[in-house]
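Taking it in order: structure first as structure tokens, then the write-up.
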Amino acid sequence: MTIEELKKLIDTGEKIDIEFKKSQEEFNKDLYESVCSFNNRDGGHIFLGIVDKTKEICGVNPDRIDKMKKDFTTAINNPNKINPPMYLIPEDYEIDGKKIIYIRVPEGTQVRRLNGRIFDRTYEGDIDITDNAELVYKMYGRKQNTYFVNKVYPNLGLEFLDFDVIKRAKKLAMGRVDNHAWTDMNGEEILRSSGLILADPDTGKEGITLAAILLFGKDSTIMSVLPQYKTDAIYRVKNLDRYDDREVVITNLIDSFRRLMDFGKKHLNDVFVLDGDQSVSARDKILREVISNILAHRDYSSAFSAKFVIGKDSMYTENSNLPHGHGELQLNKFKAFPKNPAISKIFREIGYADELGSGMRNTNKYTKLYSGGTPVFVEDNIFQITIPIDNVANLKTGPAAVETITENAADSRKVSDKVSDKMSDKISGRLTGKEKVFLEILISQFKDNEYVTTTVMSSITSIPTSTIRRYMKKFCKLGILVSEGKNKSTQYRITKNGL
């Protein structure tokens, strides 16, 4: 570690992987708690000779350094102190004329205890979690390569599953891919090929896994093995103290996905945008990603109820998580980790999800197209995704808007069909594919509005106003639109001849 690298770490201040201790003459009493918690979490950097609140380099007494380093090495090698014992080498450096001691603590492959207690690292510091069974279980879960959903139930036969759900999943998979591998398989063969029937490592007996039960189990079966399981869908815009609409989803993951999608579609305005030259529903794209995340990547060992909440300015999801890091995730630095591979595999086969890591990229892309905002992903024991939905999505939301939106969509299709008939012999040859798609979106806006502007159309489609202005000018020349006003105050209305 160079002096410049050390200074850079010190300048960032204390956080989840950096700890300062004054320790001028002897160790702070809580030094070993930090060593244990860093090793149990993601590793970290400990600096001795720095004041924690001010980042001031006070320095360690040079005459004490050798003894302090020796005492530290002896303590962490003592299994009665830290178990399993560790081997770390403290290093001393001189910065601005003062001596400091630097200790790099790696991430451990197994859970370590300090004096029989288990410590974990959070943004609040070093926390003793020994008496919190759920947090201890999560820590062991992070340290091992097995997955909770791979738990085998040898005493539960195939009759505890709903084979109608398996048939629906098979149909979805075959609809996506010609000659899909499941085409000639029966239900049991699909389960075996997907790793949903395994041998119990303790007894050697074969049985269905928890993942199989969550994906395809009868509701009674799910509740018998996982009574805390549910997903809470809430719509809260007017009644902020409680909710305006709510649905508690307690069923298999295949049907849960559909019901949560329907809940989102009921309460969120559908704004079609251009993805390249294709008109897509950005709303549906976002819903698909966030809903598949809370279902496929949830820590099912936790009693925490997953939440899908639609508010006035944003929607968010929360689900229990076995974190591999802490804090807000950055798209350019994000590294995906598999959470429940068996569930994720089924979701990919039936089109509920794509390859690992694509969800964050897709959500970011379609949120910008949908509302112009940027989604926020926060990794911790509770994983949270927040999607801004103001400006566009709140134009029409809620149960009362559903019939109106549906009615508008139907009328828009009639208008589009009418335009397409005329385009075939008068206009079609003079429009590009992108212009045709934009024209259909534009015409749908005249159902409720006498006039439209380039600014409004840009907010709806995320197309630059300069491009829209060029489209509008061409439509005016073709007699589809009439413009009124000049420059930024220009408004457009559709002509009778245009239809």
ask   = Within the range 74-84, can one find any residue that is part of a strand (DSSP E or B), modelled with pLDDT under 95 and at negative phi?
value = yes
request  = From the list Leu287, Leu369, Leu356, pick out the single residue that is touching a helix residue (DSSP H, G or I) at 6+ places or on another chain (Cβ under 6 Å), within 30 Å of Val177 (Cβ to Cβ) and without any contact (Cβ under 8 Å) to a residue 40 or more places away in the chain.
outcome  = Leu287
Residues (in a strand (DSSP E or B) and either farther than 16 Å from Asp52 by Cα or open to solvent by less than 10 Å² (accessible area, probe 1.4 Å) (or both)) located in the range 18-40 = Ile18, Phe20, Lys21
ask   = Can you name the residue in the range 265-283 that is over 17 Å from Phe308 (Cβ atoms) and either acidic (Asp, Glu) or in a helix (DSSP H, G or I) (or both) and, of all such residues, is least open to solvent (accessible area, probe 1.4 Å)?
value = Ala282
note = Note on the range 41-58: residues over 30 Å from Val136 (Cα atoms), in a loop (DSSP other than H, G, I, E, B) and in contact (Cβ under 8 Å) with a residue 24 or more places away in the chain are Gly49, Val51, Lys55, Cys58
query = Would it be correct to say that Ser292 is surrounded by fewer than 18 Cβ atoms within 10 Å (Cβ to Cβ) and closer than 21 Å to Ser358 by Cβ?
reply = no
ask   = Going through the range 20-36 one residue at a time, which ones are touching a residue at least 60 places away in the same chain (Cβ under 8 Å) and acidic (Asp, Glu)?
value = Asp30, Glu33
inquiry  = Being in contact (Cβ under 8 Å) with a residue 60 or more places away in the chain and either over 26 Å from Asp380 (Cα atoms) or in a strand (DSSP E or B) (or both) is the requirement here; does Tyr87 meet it?
reply    = no
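Conditions (1) modelled with pLDDT of 90 or more; (2) of a type in the set (Val, Ile, Thr); (3) within 26 Å of Ile460 (Cβ to Cβ), marked per residue:
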residue: Asn239; (1), (2), (3): no, no, no
residue: Asp245; (1), (2), (3): yes, no, yes
residue: Arg258; (1), (2), (3): yes, no, no
residue: Val280; (1), (2), (3): no, yes, yes
residue: Ile291; (1), (2), (3): yes, yes, yes
residue: Ser301; (1), (2), (3): no, no, no
residue: Ser314; (1), (2), (3): yes, no, yes
key: Hits in the range 109-142 (condition: open to solvent by 10 Å² or more (accessible area, probe 1.4 Å) and part of a loop (DSSP other than H, G, I, E, B))   = Thr109, Gln110, Val111, Arg112, Asn115, Gly116, Tyr123, Glu124, Thr130, Asp131, Asn132
message = Any residue in the range 473-499 that is closer than 15 Å to Tyr451 by Cβ and among the small types (Gly, Ala, Ser) sitting within a Cβ distance under 6 Å of a residue that is modelled with pLDDT of 85 or more and in a strand (DSSP E or B)? List the pairs, counting only those 6 or more apart or interchain.
response = Ser483/Tyr492; Gly485/Gln491
Hits in the range 233-255 - residues which are open to solvent by less than 50 Å² (accessible area, probe 1.4 Å) and under 15 Å from Val309 (Cα atoms) = Ala233, Ile234, Tyr235, Val237, Asp245, Val249
message = Tell me whether the range 59-67 contains one or more residues that are of a type outside the set (D, E, K, R), in contact with a Lys or Arg (Cβ under 7 Å, 6 or more places away or on another chain) and either assigned to a helix (DSSP H, G or I) or without any contact (Cβ under 8 Å) to a residue 40 or more places away in the chain (or both).
response = yes
key: Thr109, sole failed condition from (1) within 20 Å of Gln24 (Cα to Cα); (2) without any contact (Cβ under 8 Å) to a residue 40 or more places away in the chain; (3) touching a helix residue (DSSP H, G or I) at 6+ places or on another chain (Cβ under 7 Å)   = (1)
query = Do you know which of the residues in the range 158-179 that are in a loop (DSSP other than H, G, I, E, B) and without any contact (Cβ under 8 Å) to a residue 40 or more places away in the chain is nearest to Asp219 (Cα to Cα)?
reply = Val177
key: When residues of the range 300-317 are limited to those that are assigned to a loop (DSSP other than H, G, I, E, B), touching a strand residue (DSSP E or B) at 6+ places or on another chain (Cβ under 6 Å) and open to solvent by 10 Å² or more (accessible area, probe 1.4 Å), the one farthest from Ile234 (Cα to Cα)   = Phe304
inquiry  = If the requirement is being at pLDDT 90 or above and either over 30 Å from Met457 (Cβ atoms) or open to solvent by 70 Å² or more (accessible area, probe 1.4 Å) (or both), which of these qualifies: Ile190, Ile286?
reply    = Ile190
Subset of the range 435-453 (residues that are assigned to a helix (DSSP H, G or I), more than 19 Å from Lys368 (Cβ to Cβ) and either hydroxyl-bearing (Ser, Thr, Tyr) or open to solvent by less than 40 Å² (accessible area, probe 1.4 Å) (or both)) = Glu435, Leu439, Leu442, Ile443, Ser444
message = Would you confirm whether or not the range 213-226 contains a residue that is of a type outside the set (Lys, Arg), touching a residue at least 12 places away in the same chain (Cβ under 8 Å), surrounded by fewer than 16 Cβ atoms within 10 Å (Cβ to Cβ) and part of a strand (DSSP E or B)?
response = no
message = under 39 Å from the mean Cα position of the chain (by Cα) and not in a loop (DSSP other than H, G, I, E, B): is that true of Asp71 in this structure?
response = no
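The values are calculated or read from the model by the stated rules, or taken from the named source; none is laboratory data. It should be emphasised that the depicted structure is a prediction, and the values quoted were computed from it without experimental measurement. Don't worry about glycine lacking a Cβ; one is built from the backbone with ideal geometry, like all the others, and counts go over all protein chains shown. Keep in mind that these areas ignore ligands, DNA and RNA; they rest on the heavy atoms of the full protein, side chains included. Shrake-Rupley method; radii C 1.70, N 1.55, O 1.52, S 1.80 Å.
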